[in-house]
Amino acid sequence: IYDQVLYAFGRGRGGFRRFGDRRILDFKFKGLPDVCLKPPFDVINPLIRALVLIAEQSMNNGETLALLQILVNYYKDGSKTVLAHRHRCRHICCSLGASRDIEVEGKLINMSHGDCLPLGGEMHAVPAAENAKARANVTNL
C-alpha cells in the first residue's frame with residue numbers, strides 16, 4: 001500500500017505547507033479501500049484506520065470505499081478559519097486538540113478532542129473563534 005500514495009505535499013520538507021489561513025499536510029491516493037503511510041507520517045495510521053472503519057459503517061449496501069485523500073489541517077489559534085464549502089464525496093472529520101465550533105448547513109456543532117463528524121455533501125465552514133487554542137482536524141475523503 002505504501003506505493004499507492006500519489007503524493008504528499010510537504011513530504012520533502014517533512015512538514016506542513018501553508019494553505020489559505022491554515023497549514024495542511026495532504027496525501028492523495030488512487031481510490032483505495034485502506035492506506036498505510038510511511039514514517040514519519042505513520043503515526044497517524046491508527047487514526048486513519050479508525051476513520052476508515054467509521055466510513056465503512058456509514059456506507060449503504062453495495063457501496064465500496066475508495067480513499068482519495070487524507071488531509072491534516074492545523075489551526076494554531078481561533079483566528080484561523082475555513083470558508084464555507086462542500087465536497088462532492090462523503091468524508092469523515094476527526095478533531096484533535098482544543099474544542100472548536102464547526103458550522104454545518106448554518107448550524108454550529110462543537111467538536112471536542114476525538115470527536116468525529118461524517119459529512120455527505122453538506123456546506124460546512126470553520127468560523128473564527130476568540131480564545132481558541134491549537135487544534136488539528138484529520139479528514140478522509
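Compute the accessible area per residue over the chain, keeping the other protein chains in place, probe 1.4 Å, unit Å².
Here the residues of the chain average 56 Å² of exposed surface.
Which whole-Hz ³J(HN,Hα) couplings does region 25-40 yield from phi under the Karplus relation 6.51 cos²θ - 1.76 cosθ + 1.60, θ = phi - 60°, glycine and proline marked x?
Karplus-based 3J(HN,Hα) across region 25-40 equals 10, 10, 10, 10, 10, 9, x, 8, x, 7, 9, 9, 7, 7, x, x Hz.
What's the lysine pair count for the chain at a Cα cut-off below 18 Å, pairs eight or more apart or interchain?
4
Say R0 is 25 Å: what FRET efficiency, to the nearest 0.05, do Arg18 and Glu130 get from their beta-carbon distance?
0.65
With Cβ to Cβ distances under 15 Å as the rule, what net charge do the other residues near Ile109 carry (K, R +1; D, E -1)?
After counting each charged neighbour, the total is -2.
How large a share of the accessible area of region 38-141, in percent, is made up of carbon and sulfur atoms when the probe is 1.4 Å and the other protein chains stay in place?
Answer for region 38-141: carbon and sulfur cover 55 percent of the accessible area.
Can you give me the pair-distance distribution of region 36-141, C-alpha pairs, 10 Å bins, whole percents?
14, 47, 32, 7, 0
Starting from 0.36 nm per residue, how many nanometres of slack lie between Asp101 and Ala50 once their C-alpha separation is accounted for?
That pair, Asp101 and Ala50, stretches by 16.1 nm at full extension.
Could you order Phe16, Phe27 by accessible surface area, starting with the largest, using a probe radius of 1.4 Å?
So the residues, ranked largest to smallest area, are Phe16, Phe27.
The values are calculated or read from the model by the stated rules, or taken from the named source; none is laboratory data. Being a predicted model, the structure only gives us computed values, none of them experimental. In this analysis, Cβ positions are derived from the backbone assuming ideal geometry, glycine residues included, and neighbour counts consider all displayed protein chains. The area values use the complete protein model at the heavy-atom level, side chains included, leaving out ligands, DNA and RNA. Shrake-Rupley method; radii C 1.70, N 1.55, O 1.52, S 1.80 Å.
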